[in-house]
Amino acid sequence: MAKSAADDLLAVLDAEGVPTGDAAPAERVHADGSWHAAVVVWVVRRDGQVLLRRVPEDDPCEPLRLAASAHAHVGPGAPAPAAAAAVERQLGVAARPGRLTHVGSFRSERRGRGGTVDREHQEAYVLQDDTPLEELALDPRSVDTVYEVPLARAIALVEEGTYVPAPGFDSMQRVSNALLVAEDLPESGREALRAQLRALAAASPQAAASE
């Protein structure tokens, strides 16, 4: 659950994503398990690689597990500007809303420590960008490490637990290559991850065919 300006007060949604008219601090929203809005951005390279993000150790739900390239809560207003701001803040990649392609709306439910329940209606976007890993400016509050993985291999990892070697770079500006395995995946919320990767493949069949 990456932090953003919208974390101060979140609009509470119902299970179908309709605003209830209530708003609450993020901490209370998560403690109550209330549905709220979020955006995720998947960064895809021209050669079909996708960026996977390892969340920080202090993530209350899935510490050090894999997630979308960028993620943020959304306050009032259109989600695309919030998505562009998230990828710039967390990865240091300049992204105007017009560079983002919307790939779908998804529901994600994650359970974590201390009774935390993170229920999100997520708007997912794809951004094509080829900034090298070592030139990314990673925000350690949101990112532990980023990895480059062929989209087809990322799908196989999530769907079948098939391991994949991945070049990586961490928020301390160090090379952090890894062999990603099933244990790196989140225990909850995996369905949304799988569905979003499948949506990327449908939007970019050429990338999905790359190994």
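The values are calculated or read from the model by the stated rules, or taken from the named source; none is laboratory data. Since the structure is predicted, the reported quantities are computational estimates derived from the model, not experimental observations. Cβ sites come from the backbone with ideal geometry, for glycine too, and all protein chains shown count toward neighbours. Heads up: the accessible areas ignore ligands, DNA and RNA and are worked out on the full protein's heavy atoms, side chains in. Shrake-Rupley method; radii C 1.70, N 1.55, O 1.52, S 1.80 Å.
Solvent-accessible area per residue for the chain at a 1.4 Å probe radius, Å²?
Numbers: 9640 Å² over 211 residues.
With the other protein chains kept in place, the chain gives 46 Å² per residue.
Rounded to the nearest 500 deg cm²/dmol, what is the calculated helix-only ellipticity per residue at 222 nm for the chain, with -39500 (n - 2.57) per DSSP H run of length n ≥ 4? Please list the in-between numbers first.
Numbers: 5 runs with 48 residues, N = 211.
Value at 222 nm, helices only, nearest 500: -6500 deg cm²/dmol.
With +1 on each Lys and Arg Cβ and -1 on each Asp and Glu Cβ, how big is the dipole of the chain about its Cα centre, in debye rounded to the nearest 20? Kindly include the intermediate steps, with their values, before the conclusion.
Details: 21 positive and 32 negative charges, 62 e Å.
Once rounded to the nearest 20, the dipole reads 300 debye.
Can you run phi through the Karplus equation (6.51, -1.76, 1.60; θ = phi - 60°) for segment 118-131 and list ³J(HN,Hα) in whole Hz, with x for Gly and Pro?
Result, rounded to whole Hz: 9, 10, 10, 9, 9, 9, 9, 10, 10, 10, 8, 7, 10, 4.
Under 8 Å for C-alpha pairs, at least 6 residues apart: give me the relative contact order for the chain, rounded to a whole percent. Don't jump to the answer; show the numbers that get you there.
Values: 506 pairs, mean separation 47.9, N = 211.
For the chain, the relative contact order is 23 percent.
How large is the dipole of segment 164-203 about the Cα centre if only Lys and Arg carry +1 and Asp and Glu carry -1, each at its Cβ, rounded to the nearest 20 debye?
On the way: 4 positive and 5 negative charges, 36 e Å.
My answer is approximately 180 debye.
Assuming 0.36 nm per residue, please report the length gained on full extension of the stretch residue 102 to residue 14 beyond their Cα-Cα distance. Could you put the intermediate results ahead of the total?
Numbers: separation 88, 0.36 × 88 = 31.68 nm, distance 2.22 nm.
Result: 29.5 nm gained on full extension.
Mind ordering 77-83, 142-148, 152-158 by average Cβ neighbours within 10 Å, highest first?
Working: 77-83: 17.9, 142-148: 23.1, 152-158: 21.1.
Put in order of decreasing packing, that is 142-148, 152-158, 77-83.
Carbon and sulfur atoms: what percent of the 1.4 Å accessible area of segment 75-209 do they account for? Walk me through the numbers before you get to the answer.
Details: 3200 of 6440 Å².
C and S fraction of accessible area: 50 percent.
Could you give each residue of segment 184-192 its phi-based ³J(HN,Hα) in whole Hz, using Karplus coefficients 6.51, -1.76, 1.60 with θ = phi - 60°, and x for Gly or Pro?
Each residue of segment 184-192 in turn: 7, 7, x, 6, 10, x, 5, 4, 5 Hz.
How big is segment 105-174 by the Kirkwood estimate over distinct Cα pairs, in Å? Don't jump to the answer; show the numbers that get you there.
Working: mean 1/r = 0.0675 Å⁻¹.
Result for segment 105-174, one decimal place: 14.8 Å.
Determine the percent antiparallel among the DSSP beta bridges restricted to the chain, to the nearest 5. Can you show the working numbers first?
Details: 36 of 46 bridges.
Close to 80 percent.
With no solvent and one point on each alpha carbon, what is the Debye value of log10 I(q)/I(0) for the chain at q = 0.07, 0.12, 0.14, 0.18 Å⁻¹?
-0.18, -0.55, -0.77, -1.32
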